[in-house]
Amino acid sequence: MPIFQVTPKELKPISETTFGAEGIMERNDIQRLLREQISVLDDRLMVVAEEFGDWLDSSRRIDLLCIDSEANLVVVELKRTEDGGHMELQALRYAAMISAMTFDQLVDTFARYRSKASPDIEGSKTAILEFLGWEDVYEDQFAQETRIVLAAADFSKELTTAVMWLIERGIDIRCVRMKPYRMGDGTVLLDVQQLIPLPEANDFQTQIGVKKQAERQSRTDRHELRLKFWEALLDHAKTKTDVHANRKPTQDGWIYGGIGRFGFNLGYTARQTDSQVELWIAMGSGQTVKNKAAFKALEAQKAAIESDFGAQLDWQELPQGEGCRIRYVIDGGYKSPQEQWPTIHANLADAMVRLEKAMRQRVAQLTA
């Protein structure tokens, strides 16, 4: 299916091209760009290693090793070819080999990915915990599954048949097509679409044994409960502020909305027994110095900000992390009795309104 450019006179088809024709290389270009913006493939991934091969033959490497927001390991395999080659076989081997990885091994791997010369174990651990929304390490929730993402210019029938067969047998594997197009002015566009499983195929279920079934049911129950918590909160909050008016409830432990400046987001976090509103400062990879400077500039106005907010805030510079947080914690989370949810949601929405009022203008006035 071609892509069309909308002009005043016509729908103008944009020509398909290939990575090879555009001189786009697999490792130096595609892998590098996806490493820096992994959300193109899945917006709930965090890259923890590139060309990972600690437990593999010296000639074999996982293109990108990630974790997702549910603490599952994710193998990302990339090809610029039009048929995907035999990438599903490679990915299955890699997934099996890393499935026994422990949290400490993940932290060590991530630390060396961030800096081979001087790995920062504590800083890397903090960054992972922040991504997962964990206050501490929960080994029983880590790496319950190993997922696979295959990304290529296209996939052969043999490959897609194998992937569908694996999905039917309980393997979490998906195919993401990355098709390049060239516009008349030379601009190259990239159409990224998940081909398998299709949205209507997401309900594939398999018999995986009593233990795994119980674990999955527990996670499903948790997701559904948190989803209901978010639905009710967002319905109430949009009557008080439009910060999250366009956000939809998710299965994640947090929901963020913009405050009018890149790198600054107002967010809700819901845990089992408590919740919080926060200003999260994170301007992107490698911007630690700017994040800390912005945090310090706001902290210099702490008394005035807390006066406008109406309560003391928890100022977390997070020295070992890349981002910074200014938060206010309230009692009550998604596992609180549901009859308490209206009060929890009212407290959260009220705190968000006050935090936005205290922060929006001051964030806008920060020097770059």
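The values are calculated or read from the model by the stated rules, or taken from the named source; none is laboratory data. This one's a predicted model, so the numbers in the text were calculated from it and none came from an experiment. Note that we place each Cβ from the backbone using ideal geometry, even for glycine, and neighbour counts take in every protein chain shown.
Quick notes
- Of all residues making up region 71-102, the number that are in a loop (DSSP other than H, G, I, E, B), among the β-branched types (V, I, T) and more than 28 Å from P180 (Cα to Cα): 1
- Within region 145-166, the set of residues being outside any strand (DSSP E or B) and hydrophobic (A, V, I, L, M, F, W, C) comprises A153, F155, L159, A162, V163, M164, W165, L166.
- Residue match in region 167-182 (condition: part of a helix (DSSP H, G or I), touching a residue at least 12 places away in the same chain (Cβ under 8 Å) and either of a type in the set (F, W, Y) or assigned by TED's automatic domain parsing to the domain that holds D29 (or both)): yes
- Of all residues in region 234-255, those being aliphatic (A, V, I, L, M) and touching a helix residue (DSSP H, G or I) at 6+ places or on another chain (Cβ under 7 Å) number 3.
- Qualifying residue in region 304-317 (condition: surrounded by fewer than 19 Cβ atoms within 10 Å (Cβ to Cβ), modelled with pLDDT under 95 and among the hydrophobic types (A, V, I, L, M, F, W, C)): no
- Scanning region 157-166 turns up at least one residue that is of a type in the set (F, W, Y) and exposed (fewer than 15 other Cβ atoms within 10 Å of the Cβ).
- Condition check for Q105 on (1) within 19 Å of the chain's Cα centre (by Cα); (2) modelled with pLDDT of 90 or more; (3) under 28 Å from H223 (Cα atoms): one failure, at (1).
- Restricting the first member to region 241-265 and to residues that are charged (D, E, K, R), and the second to residues that are surrounded by fewer than 16 Cβ atoms within 10 Å (Cβ to Cβ) and not in a loop (DSSP other than H, G, I, E, B), the beta-carbon pairs closer than 8 Å and six or more apart or on different chains are R261/A364.
- A300, sole failed condition from (1) closer than 24 Å to G253 by Cα; (2) modelled with pLDDT of 95 or more: (1)
- Across region 107-144, the number of residues qualifying as closer than 24 Å to T269 by Cα and part of a helix (DSSP H, G or I) comes to 15.
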